[in-house]
1. Of all residues in region 92-121, which are assigned to a helix (DSSP H, G or I), hydroxyl-bearing (Ser, Thr, Tyr) and modelled with pLDDT under 90?
2. Would you confirm, using the coordinates I've provided, whether ALA53 is under 30 Å from ALA109 (Cα atoms) and loosely packed, with under 13 Cβ neighbours inside 10 Å?
3. With respect to ALA126, is the statement that it is small (Gly, Ala, Ser), within 19 Å of GLN203 (Cα to Cα) and at pLDDT 85 or above true?
4. Is it true that ARG150 is surrounded by fewer than 17 Cβ atoms within 10 Å (Cβ to Cβ), modelled with pLDDT under 85 and under 24 Å from ALA196 (Cα atoms)?
5. For ASN99, indicate whether it is crowded, with 21+ Cβ neighbours inside 10 Å and at negative phi.
Amino acid sequence: MEPQHSRQGGAGVVLVLLLSPLINLAINLALDQVWDQQHNPRVTVAPGHWLFALATLLVAVIVAVLVMWMMQRQIRPGRSARRLLELLGAITTLQALLNGALVLIAISALQLGSVQLLLIGTGLYAVLNAIALFWYWCLDHPGFGSGQDRDCARRGAVVFPEGDRGGTLLDYIYFTVLSSNTLGPPENHQLHGAAAKLLQLLQSSVMLGLLVIVVARAINTLG
């Protein structure tokens, strides 16, 4: 019998994933206000550009796919429901990466205070962790989102030091956040499988890039 915390944690993972577009919308709103105040024309990709509108439109697509997945999971559980959840994760990831790139371009031309820059950087950090958490959970739970009894079964792509007692939502949050902070898996944790290792490489690379850009922008602000 599979641990009950896997089933309960799955709902939490979806909620964490949905925080990503909400945080992105909040960041965009803050940048819009700053941009209107400064009237800075030095960059062509700015708040109000059609690419920002596309990133916002993707939020509506995310909501639509979420509703479709919830209905499919209840009416016709199985592999098709799992595919819809993966589609939801893929669109949310695309929206996060597009929006993050546009935000980093926009802040290069804005005169931001240190607190504003800190909040934007923290928001992007939270978004990337939410995305990574979702995909770690999906890789480790091949039936997650299908609506079937097996949706809480673990594959073992992420190995926790607690063994079979590990795998709670908190365990995955701990693993994801420390992987971002240390640019590698935490001590006594292991990854099995090419997909999980590739995800870790992508997570570490994106986090390193975010750190370099935000720190460079902060130094420029202080200077």
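1. SER114, the sole residue that qualifies.
2. The answer is yes for ALA53.
3. yes
4. The answer is yes for ARG150.
5. Yes; evaluated as a whole, the condition is true for this residue.
The values are calculated or read from the model by the stated rules, or taken from the named source; none is laboratory data. Quick caveat, the model's predicted, so the values are computed rather than measured. Quick reminder, even Gly has a Cβ in these numbers, built from the backbone with ideal geometry, and neighbours come from all protein chains shown.
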